[in-house]
Amino acid sequence: MREISLRKNKSEKIESAKFDLRFLLNQGYKKKSAITFVANRYLLNKSQRNLLARSVFSLEVSESRKKKKVDLEQLRDQTVLIDGYNVLITIETICKRKYEDLVVGDDDFLRDLNAVFGKYKYDPTTEKALKKIVDILSTYKTGYVYFLFDKQVSFSGKLAALTKELLNSNNLKGEAILSKKVDFEIKKSLKSVNGIVATGDGVIIDKADKVIDLPYYLMKKELKKNNKKEDN
């Protein structure tokens, strides 16, 4: 599925760092200490370290996660649990066309490189991104949908209200939940709900059986649209 290439000018230093980190992870080294070792060796800055953390994984982890990915067609009539901010922030970046802030990891999941979670701001792109998520759910006729947003993040209440409004207007069954620990809530729900999880969070992916990467599919659609414009 790895058909998206976002970084046109790849740094030789970063590619070498990725290679070394991948090697260490495959040897069983802990990721945190391996990243520190590689980052110090190549004198990487904070954003470059973040790139490694969000895109490089051991072969075992990558293959396990790839097997869990499902296609959009498999959403039909299924219960879907959405890791709210994780999915929303990545899709907002796509809407803003800041493709340089996105990366496809070894596990084929698309992730945002900006650490904006704790500083999240509600802006005009928020509603646009949320509508795109709901449009996908509506198009592929999902069953019950759970949006989970972190309670401690500003604007979560407003975001949950907008989500409920969009679900109702699209005749989708579901709810928007505020939680102090979204990752824990999703993992707990998976014990009783046989659903599909929408997230790019590796910790949650590793606990789930079926995962949908909504930003990945939206990114493919956007790139296809942009290529058509260039051809014309």
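Taken together, the values in this text are just the output of simple stated rules run on the coordinates, not laboratory data. Predicted model only: the values in this text are computed from it and were never measured. Heads up, the Cβs are rebuilt from the backbone with ideal geometry, glycines too, and the neighbour counts pull from every protein chain shown.
Give the shape of the chain as rounded, prolate or oblate, defined through the alpha-carbon gyration tensor: a ≥ b ≥ c are the square roots of its eigenvalues, a/c under 1.5 means rounded, and otherwise the shape is prolate if a/b is larger than b/c and oblate if not. Taking the square roots of the gyration eigenvalues as a ≥ b ≥ c, the chain is prolate. Taking a ≥ b ≥ c as the square roots of the eigenvalues of the alpha carbon gyration tensor, region 12-56 is prolate, as a/c is not under 1.5 and a/b beats b/c. Projecting the Cα atoms of GLY202, SER169, ILE212 onto the charge dipole of region 134-232 (Cβ charges, centred on the Cα centre) puts SER169 farthest toward the positive pole. The length gained by stretching the chain between LYS225 and THR125 to full extension, at 0.36 nm per residue less their Cα-Cα distance, is 34.1 nm. Please label the shape of region 100-232 as rounded, prolate or oblate, based on the square roots a ≥ b ≥ c of the eigenvalues of the alpha-carbon gyration tensor (a/c under 1.5 means rounded; beyond that, a/b larger than b/c means prolate, else oblate). In terms of gyration-tensor shape, rounded. Taking Lys and Arg as +1 and Asp and Glu as -1, the other residues whose beta-carbon sits under 11 Å from that of SER154 total +3. Annotation: extensible slack from GLU12 through LYS30 equals 4.1 nm (criterion: 0.36 nm per residue apart, minus Cα-Cα distance). Dividing the helix sum by the residues of the chain, where each DSSP H run of 4 or more adds -39500 (n - 2.57), gives a mean residue ellipticity at 222 nm of -16000 deg cm²/dmol.
For region 116-180 and region 18-84, what is the separation of their C-alpha centers, rounded to whole Å? Each part's Cα centre sits 26 Å from the other's. I'd like the orientation of helix 12-26 relative to the chain: the angle between its Cα long axis and the longest Cα principal axis, in ° from 0 to 90, rounded to 10. Result, in degrees: 80.
Where the only charges are on Cβ atoms (+1 Lys, Arg; -1 Asp, Glu), what is the dipole of region 12-56 about its Cα centre, to the nearest 20 debye? Let's see the in-between values first.
Details: 10 positive and 3 negative charges, 49 e Å.
Roughly 240 debye for region 12-56.
Across region 12-56, C-alpha contacts under 8 Å between residues 6 or more apart give a mean separation that, scaled by the residue count, equals a relative contact order of 46 percent. Of the GluC sites (Glu not before Pro) found in region 1-97, the ones in coil according to DSSP and having at most 12 other Cβ atoms within 10 Å of their Cβ are GLU3. If you fit an axis through the alpha-carbon atoms of helix 124-139 and take the longest principal axis of the Cα set of the chain, what angle between them do you get, 0 to 90°, nearest 10? The angle comes out near 70 degrees. Compared with the dominant Cα axis of the chain, that is its longest principal axis, helix 84-95 is turned about 80°. Listed here are the pairs LYS187/LYS224; LYS69/LYS225; LYS46/LYS220; LYS67/LYS173; which of them are more than 30 Å apart at the Cα? Too far apart for the 30 Å limit: LYS187/LYS224.
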